[in-house]
1. Taking segment 474-488 only, how many residues are touching a Leu at 6+ places or on another chain (Cβ under 8 Å) and of a type in the set (D, E, K, R)?
2. Quick one: in segment 66-91, of everything that is among the small types (Gly, Ala, Ser) and surrounded by 14 or more Cβ atoms within 10 Å (Cβ to Cβ), which residue is nearest to GLU126 (Cα to Cα)?
3. Does VAL165 satisfy the criteria of being aliphatic (A, V, I, L, M), in contact (Cβ under 8 Å) with a residue 40 or more places away in the chain, touching a strand residue (DSSP E or B) at 6+ places or on another chain (Cβ under 6 Å) and open to solvent by 10 Å² or more (accessible area, probe 1.4 Å)?
4. Residues of segment 48-61 being surrounded by 12 or more Cβ atoms within 10 Å (Cβ to Cβ) and of a type outside the set (A, V, I, L, M, F, W, C), which ones?
5. Would you check if there is a residue in segment 272-287 being closer than 26 Å to LEU175 by Cα, modelled with pLDDT of 95 or more and in a helix (DSSP H, G or I)?
6. Go through segment 157-172 and give me each residue that's under 10 Å from the mean Cα position of the chain (by Cα) and of a type in the set (D, E, K, R).
7. Within the set of pairs 6 or more residues apart or between chains, which connect a residue that is in contact (Cβ under 8 Å) with a residue 60 or more places away in the chain inside segment 71-88 to a residue that is assigned to a loop (DSSP other than H, G, I, E, B) and surrounded by 17 or more Cβ atoms within 10 Å (Cβ to Cβ) with Cβ atoms less than 7 Å apart?
8. Across segment 478-492, what is the total count of residues that are under 18 Å from ALA620 (Cα atoms) and either of a type outside the set (A, V, I, L, M, F, W, C) or in a loop (DSSP other than H, G, I, E, B) (or both)?
Amino acid sequence: MDDLRLGLLLNAVSPAVGGVLVRGEKGTAKSTMVRALAGLLPSIATVAGCRFACDPASPDPQCPDGPHSDRGTAERPAFLVELPVGVSEDRVVGSLDLERALAEGVKAYEPGLLAKAHRGVLYIDEVNLLQDHLVDLLLDAAAMGRSYVEREGVSVRHAARFLLVGTMNPEEGELRPQLLDRFGLTVEIAATRDADERAEVVRRRLAYDADPAAFATSWAGEELALAERIGAARELLPTVELSDLALRQITAVCAAFEVDGLRADIVMARTAVALAAWAGRTEVLEEDVRTAARLALPHRRRRNPFDAPGLDQEQLERTLAEHHEPQEPQEPEDSGDGQGPDDDGPGGGPGGGGSPAPSEPDGPAASDSSADSSAEGSAETPAPPQQRPGPGRESSPVASEHPYRTRLFKVDGTGRGAQGRRSAAETDAGHTVRARRPQGRLARLHLSATLRAAAPHQVARGRAGRALVLRRDDLREQVRRGRESNLVLFVVDASGSMAARQRMTAVKGAVLSLLMDAYQRRDKIGMVTFRGSGAELALPPTSSVEVGAARLEQLPTGGRTPLEAGLLRAHEVLRVERLRDPDRRALLVVVTDGRATGARDAVARSHRAAGLLAGQGVAAVVLDCESGPVRLGLARELAAHLNGDAVSLDELRAEGVASLVRETRTTMMRKAA
């Protein structure tokens, strides 16, 4: 929790740091910590009567409430605005004031949450569950410092500079890389495992529940002191000097960790300056650079969705040591104690102030070299042939191939599920295709269609003046066409027939590629595996694709092939999920060679189980893993009983399909010529 506290305080001192992303397990008081920040922020001066919190010293010339000449000033606290996960787009950016438009016949703008958060804190709990079209709005505002509203006949621009704070549980899925990079700092938190500390947490919680006012009063003095320290650090901030040496260390660290772009360098510099001001110093020290790297870099080192955020501490220390301030050369002295001139203390520097670069080739680089040598040696020596485990044997897990871009598989028809990037659906975002009478509560008014429906009746209704006379039957809502996310349920054959090492490596690479595709399309995923005597739900449906990748890597193989059990288990999982989320359509991906064992009529029984799924209208794809010169075609028979498609491992790659299309097109053009 110390890192979280420090990250929030640094942003209070310097909002230019760019906010904090808080990652941690459930029940760790993430939201409580963030909400407590609001009471520590200094109050702000605003133009009196301005709904957009314009600064009297430099009012926004494009403010919809402007011009601001000859207005007084008002002092108010900085707002902490919470953006719910299920919020609508018009509440985020604002929209036409329908009440005034319909009652008074005037076009007026009603501000949204981005306007309210200007010069304050925008807090998003469970930010990783935020819908994509809302993420796009946040990215635009965070990048430009302004909100652009072009909707329902309204064209408005206003300032929207806010401190972005988000909390999330990584088990429920990761953030889009673009939004992840917009957070200046990130911290990982977990509940303490110390029994005394846990007891103290419970004790304080019970004290708060017994008398909230008294509990708050007992801590008021410490909160006041903390707020005063934030104010003092803000005043000191402009005087802090970022030396060339410190800046060189910052850029060297970012280069060493190969972070994308230059935003990390800027964030690290701002964080280091804020750390110095928080400590009451006017100069950035190496310890500030070290702490800034620990907070600003972990989430920027990810190269693919399955990489866990983190920072190699040894590499950080080596980089800082390589760019340490050079020491004045000294004459060697024989002290008689066996120490050389550089042995001034622990760490190799005066007073132990630094970590030396390792002189022996036993660090990570040496390990990599020895690993490479080992790999080369093993490549030269032919490996013994792999034996397929028999019905009673189990093979250890094998690594997967590197993931690649796959073909797009969709569910036919038009759904109504959560917004995503896979199948066609009626969604809250997307382009408007038509208008209709409201089905239940009116969510998205189609203004022009409503006016057209009401216009023919105005004389009969005795209209007087500019205001329209509306009836409930006149209201029309928008129908928008976009894309939805689906539940992608993998049914993976882990039996002995799949256990050849090279074959299982390719199969795992294919499933991992499909998992990455599901991550990019914002799907939920689940995984059923079958081998031996039955099937199990290896991964209950979740938004955390990373957990799915981890379960896949640990998947052992061996035993019989109970294909029927795997399909029936999938049927049960989908039945339960339909009850939980009836609008989310499923895509079944069966990864198998089509063989089935365990009973005399095992293949026929598996075909009957496939027919059960087909009867429920489940969209299905069979990933045909059969290989070798002699092929039985059982996977394609299974696909036929599922009313789905069969795709071989070679056909799964998107680049392979594109290459085939290009070759076919070239051949046709040559024939035409």
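1. Of the residues in that region, 2 qualify.
2. Only one residue tops the list, namely SER88.
3. Details: aliphatic (A, V, I, L, M): yes; in contact (Cβ under 8 Å) with a residue 40 or more places away in the chain: yes; touching a strand residue (DSSP E or B) at 6+ places or on another chain (Cβ under 6 Å): yes; open to solvent by 10 Å² or more (accessible area, probe 1.4 Å): no.
Taking the combined requirement at face value, the residue does not satisfy it.
4. Within segment 48-61, ARG51, ASP55, PRO56, PRO59, ASP60 meet the criteria.
5. Restricting attention to segment 272-287, the residues satisfying the condition of being closer than 26 Å to LEU175 by Cα are 272.
From what is left, the residues that are modelled with pLDDT of 95 or more are 272.
Keeping just the survivors that are in a helix (DSSP H, G or I) gives 272.
Looking for residues that are closer than 26 Å to LEU175 by Cα, modelled with pLDDT of 95 or more and in a helix (DSSP H, G or I), one finds at least one in segment 272-287, hence yes.
6. The one that is under 10 Å from the mean Cα position of the chain (by Cα) and of a type in the set (D, E, K, R): GLU172.
7. VAL81/ALA117; VAL81/GLY120
8. Here is the first cut: in segment 478-492, the ones under 18 Å from ALA620 (Cα atoms) are 484-492.
Still in the list and also either of a type outside the set (A, V, I, L, M, F, W, C) or in a loop (DSSP other than H, G, I, E, B) (or both): 484-486.
Count: 3.
The values are calculated or read from the model by the stated rules, or taken from the named source; none is laboratory data. Treat the numbers as computed from the prediction; the structure is a model and nothing was measured. Heads up, the Cβs are rebuilt from the backbone with ideal geometry, glycines too, and the neighbour counts pull from every protein chain shown. Accessible surface is based on the protein model in full, side chains and every heavy atom, while ligands, DNA and RNA are left aside. Shrake-Rupley method; radii C 1.70, N 1.55, O 1.52, S 1.80 Å.
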